[in-house]
Amino acid sequence: MEPAMLATLAGDLCLVLGLAVLLLPLLVTELSRPRDGVWGAVVLLLGLVLVTSSDRLRGAPMLAVVCAGLLISRLGSEVAQSRWQQLSPEEQQRLKSTERWSTSLQQLSATLNALLSNTGQALGSLKPKAPAADRPEGSSRTGKRWVRPEPQAADAQDAKAEAAKSEAVSEAVSEAVNAEAPEQEAPEPTAPDQEAATPPSEDG
């Protein structure tokens, strides 16, 4: 196997391992630790360097890369075994069940969907608006086009408004006439009879 191919293979393995360490808090929270993200980023950086600089790794540098890969794999296995032994029997049994992994995958997919939607909204807000010269004629700043109503519809609306006004005026006039009619028909009060009101004199 050529040294360049070996370096590329080692870089691919480092990329997969670094991505697994980064996703460890989401998939297996029982085995994760607070600084796993930092170490996962370091392993990813190592994988990128090995993949992009595989042509330069020949001789002693390639031997150093192989030794570093062996050391990283050995230390990683020791850390994984110690963390597994620190778990309780119930947690170990739960990690072996398929329901636990299906729930973790669902949470991971929901997190990725939320991240993609937020990224799309952020990119959409940063998109520049179209200048006034590129907007179609008759459109406002919001992009809505103002359509002038047809003459027939406008005439019909005016006729309806005038009919409503005339009906209101006729109703007001009829109410005023009905209010004045009882006042005119009411009988006038009669003056009292003075002769009947005066008492008879003593001489008569």
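Tally Lys and Arg at +1 and Asp and Glu at -1 over the other residues with C-beta under 15 Å from the C-beta of Val43: what net charge comes out?
Once all neighbours under 15 Å are counted, the net charge is +1.
Using only the Cα atoms of segment 56-109, build the gyration tensor, take square roots of its eigenvalues as a ≥ b ≥ c, and label the shape rounded, prolate or oblate: rounded if a/c is under 1.5, else prolate if a/b is larger than b/c, else oblate.
Oblate is the answer for segment 56-109, as a/c is 1.5 or above yet b/c matches or exceeds a/b.
Using the Kirkwood radius built from alpha carbon pairs, what does the Stokes-Einstein equation give as D for segment 3-99 at 10 °C and 1.306 mPa s, in µm² per second?
On the way: Rh = 14.7 Å.
Estimated via Stokes-Einstein, D reaches 108 µm²/s.
What are the ³J(HN,Hα) couplings of segment 86-99, residue after residue, when phi is run through the Karplus curve with 6.51, -1.76, 1.60 and θ = phi - 60°? Round to Hz, x for glycine and proline.
These are the phi-based 3J(HN,Hα) values: 6, 6, 7, x, 5, 5, 5, 5, 5, 5, 7, 7, 6, 5 Hz.
When the Karplus curve 6.51 cos²θ - 1.76 cosθ + 1.60 is applied with θ = phi - 60°, which whole-Hz ³J(HN,Hα) does each residue of segment 100-108 get, with x for Gly and Pro?
4, 6, 5, 5, 5, 5, 5, 5, 5
I need Leu87, Leu57 ordered by Cβ neighbour count within 10 Å, fewest first.
Numbers: Leu87 14, Leu57 22.
Ranked by crowding around the Cβ, least crowded first: Leu87, Leu57.
Exposure proxy check: Thr119, Thr98 ranked by fewest other beta carbons within 10 Å? Mind showing how you got there, number by number?
On the way: Thr119 10, Thr98 7.
Placing the least packed residue first, the sequence is Thr98, Thr119.
Values quoted throughout were computed directly from the atomic coordinates according to the rules given, and no laboratory measurement underlies them. Since this is a predicted model, take the numbers as computed values, not measurements. Every residue, glycine among them, receives a Cβ derived from its backbone with ideal geometry; neighbour counts consider all protein chains shown.
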